[in-house]
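Asker: Structure below; questions to follow.
The values are calculated or read from the model by the stated rules, or taken from the named source; none is laboratory data. Here the structure is a predicted model, which is why all the values come from computation and not from measurement. Because the Cβ atoms are built from the backbone with ideal geometry, glycine has one as well, and the counts that use them run over all protein chains shown. Areas reflect the complete protein model, heavy atoms only, side chains present, ligands, DNA and RNA absent. Shrake-Rupley method; radii C 1.70, N 1.55, O 1.52, S 1.80 Å.
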Amino acid sequence: MNINVNVKPQQKIRAFYLFFIIYELQIGVGVLGISNYIYQDAKQDAWISILISFILMLIVTSCMIMILRQYDNADILGIQIDVFGAWVGKFLGTVYVIYFGASLISIMLTYIEVIQVFLYPTIPSYVVGLLLLFLTIYTVLGGFRAVVGIAFIFLFLTQWLLLLLYDPISKIEWNHYLPLFEASLPELIRGAKTTTYTLSGFEILFFIYPFVDNKEKIKMPVFLALFYTTLVLLVSTITVIGYFNPLSLEDITWSLLTLFKNVSFSFIERLDYIVVAEWMMVVVPNVALLMWGITYSVKRLYKIRQKTTLYTSSIITLIVVILIKHDIYIQKLTDIVSQIGFWLIFIYPLVLLPIVLMKKMAKKGSVK
C-alpha cells in the first residue's frame, strides 16, 4: 500500500467544506441527551466541562494536522504503516474501521430508539434501519463529493432548529446555575470525558486530508467547526440545566427532546415530533460519512472494492439493528464506543505525534 494517496482532481474538495464535514459528524443523536449525563458528573458546572473538552479538541486537532503535514499527501492508514510497519499498521487501521462501524450502528440504534419513544412506539426497527441504509447507500455510491454535498446541504436545512430554543431560554431559572465553580477538578474532567461520544467525529480529518486541495488553509474551517459544535452543545446544556428542576434532570434520558416536548406554540402543540423527524437530516450525513470512512479504509488496507464493502457493511448493520432491541444493550454499545473513542480520538494522536516526528528526524539523519 502506498503511503501517500493519489487523488484525482475531480475527487478533491476545498478546505472550506471541512467545516460542514466535521460539524455534521459531531452533531449527531448524542446531543439530544448528552446534557443530563454531563450534569450527573459536574452538576451546574457542566458548562466548564464542555469548555475543557473544547480546549482538548483544539490541542488534539493541532497534533493531527502536524502529523499529516509530515507527509506529502498521506492519510492515517498510510502513516501508521510507515511508522509501525505493515502488520501493526494494518491492525491499527482495522481498529479505525471497527470503531467507525460500531459508531454507525450506535447512531442508528439510538435514533431508532428515539423514533420509537417519541413518535411510533410499534414501528419495527428494520423499517427505519432500511430507510436510513437506503439513503446511506445511495449517497455513498455517488462518491466522496456526494457525501460532502449532503453534509453541506443538510447543515443549512437543520439550523432553524436552534431557533426553537428561544422559548425555553426565556423561561430559564438562573438560580439553577448556583453556586458557581462547586464541582471539583476530577468531576469536571469526568464531565469532559462524558462529552466524548458527542464531540467525536473530527478524527475524519485523518482520512479526508488527501482529498483537500488547498491543504494550507485547513486550520480555519476545522477550528471553526469545533467552535460551532461546542457552542451548540454549550447553549443546549445551559438551557437544559436552567429549564429543568435539578432534582428531576438526572432522571431524564433525552433532555433536549424532553425540553421540546414541554414547549408548545400556538400553531403547533407537539414540537418534539418535528424535531425528531427533522433530525433525520442530521443522522443521514452522519451515517453516510462513517460508511464512506469504512469503505475507503477497507479499500486502502485490503484492496476490496468500496461497493463490496458498502453492501456487506449495510447487511451486517441491518442484522445488528434487528437483533439489538433493548435500550440497556444500546446504552452498553454507546458506552463502549465512547470509551474506545476517547482513547482512539483524544489520546492516540498525542502519542502518535512524537513517534512520527522522531521517525522523520531519524530519516533525515540517515540521509545526511
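Asker: Anything in the stretch 242-255 that is part of a helix (DSSP H, G or I), open to solvent by 10 Å² or more (accessible area, probe 1.4 Å) and hydrophobic (A, V, I, L, M, F, W, C)? List them, or say none.
Answerer: L247
Asker: Name the single residue, out of those in the stretch 125-149 being open to solvent by 40 Å² or more (accessible area, probe 1.4 Å) and touching a residue at least 60 places away in the same chain (Cβ under 8 Å), that is farthest from L25 (Cα to Cα).
Answerer: Among those that are open to solvent by 40 Å² or more (accessible area, probe 1.4 Å) and touching a residue at least 60 places away in the same chain (Cβ under 8 Å), it is Y126.
Asker: Within the stretch 268-277, identify whether any single residue is touching a strand residue (DSSP E or B) at 6+ places or on another chain (Cβ under 9 Å) and modelled with pLDDT under 90, and answer yes or no.
Answerer: For the stretch 268-277, residues touching a strand residue (DSSP E or B) at 6+ places or on another chain (Cβ under 9 Å) and modelled with pLDDT under 90: present.
Asker: Just to be sure, is S236 part of a helix (DSSP H, G or I) and under 16 Å from Q159 (Cβ atoms)?
Answerer: Judged against the criteria, S236 is a match.
Asker: Continuing with the same structure: How many residues are over 24 Å from Q26 (Cα atoms) and open to solvent by 30 Å² or more (accessible area, probe 1.4 Å) if we restrict to the stretch 256-268?
Answerer: Of the residues in that region, 6 qualify.
Asker: State whether one or more residues within the stretch 284-295 are over 20 Å from F206 (Cβ atoms) and in contact with a helix residue (DSSP H, G or I) (Cβ under 9 Å, 6 or more places away or on another chain).
Answerer: Among the residues of the stretch 284-295, at least one is over 20 Å from F206 (Cβ atoms) and in contact with a helix residue (DSSP H, G or I) (Cβ under 9 Å, 6 or more places away or on another chain), which makes the answer yes.
Asker: Same structure again: Show the residue pairs that are 6+ apart or on different chains and have beta-carbon atoms under 9 Å apart, the first residue being within the stretch 269-281 and over 16 Å from D167 (Cβ atoms), the second being polar (S, T, N, Q) and open to solvent by less than 60 Å² (accessible area, probe 1.4 Å).
Answerer: Qualifying pairs under 9 Å: E278/T158; W279/T158; M281/T158.
Asker: State whether one or more residues within the stretch 106-120 are open to solvent by 10 Å² or more (accessible area, probe 1.4 Å), touching a Gly at 6+ places or on another chain (Cβ under 8 Å) and either at pLDDT 95 or above or closer than 23 Å to R305 by Cβ (or both).
Answerer: No, that holds for no residue.
Asker: I've got another one for you. Given the structure, is L205 among the aliphatic types (A, V, I, L, M) and over 22 Å from V337 (Cβ atoms)?
Answerer: For L205, the condition - among the aliphatic types (A, V, I, L, M) and over 22 Å from V337 (Cβ atoms) - is not met.
Asker: Taking only the stretch 206-219 into account, find how many residues are open to solvent by less than 20 Å² (accessible area, probe 1.4 Å) and in a helix (DSSP H, G or I). Let's see the steps before the verdict.
Answerer: Here is the first cut: in the stretch 206-219, the residues open to solvent by less than 20 Å² (accessible area, probe 1.4 Å) are 206-212, 214, 218.
Narrowing the set further to residues that are in a helix (DSSP H, G or I) leaves 206-211.
Summing the residues that are open to solvent by less than 20 Å² (accessible area, probe 1.4 Å) and in a helix (DSSP H, G or I) in the stretch 206-219 gives 6.
Asker: In the stretch 108-128, what residues are farther than 16 Å from R270 by Cα and of a type in the set (S, T, Y)?
Answerer: Within the stretch 108-128, T110, Y111, T122, S125, Y126 meet the criteria.
Asker: Just give me the residues in the stretch 31-68 being of a type in the set (S, T, Y) and either under 16 Å from L226 (Cβ atoms) or open to solvent by 10 Å² or more (accessible area, probe 1.4 Å) (or both), in sequence order.
Answerer: Residues satisfying the conditions are Y37, Y39, S49, S53, T61, S62.
Asker: Looking at the stretch 220-240 only, could you name the residues that are touching a residue at least 12 places away in the same chain (Cβ under 8 Å) and open to solvent by 10 Å² or more (accessible area, probe 1.4 Å)?
Answerer: M220, P221, F223, L224, F227, Y228, V232, L234, V235, I238
Asker: Please give the helices (runs of 4 or more DSSP H) falling wholly within the stretch 269-368 in which 3 or more residues are surrounded by 13 or more Cβ atoms within 10 Å (Cβ to Cβ) and among the polar types (S, T, N, Q).
Answerer: Ranges flagged: 280-302, 306-323, 327-341.
Asker: Let me ask something additional. Please determine, by comparing only the residues of the stretch 189-205 that are open to solvent by 20 Å² or more (accessible area, probe 1.4 Å) and among the hydroxyl-bearing types (S, T, Y), which one is nearest to D72 (Cα to Cα).
Answerer: Among them, the one singled out is Y197.
Asker: Further question: Can you name every residue in the stretch 44-88 that is touching a Pro at 6+ places or on another chain (Cβ under 7 Å) and polar (S, T, N, Q)?
Answerer: Hit for the stretch 44-88 is N73, nothing else.
Asker: Looking at the stretch 77-96, can you tell me whether even one residue there is aromatic (F, W, Y) and open to solvent by less than 10 Å² (accessible area, probe 1.4 Å)?
Answerer: yes
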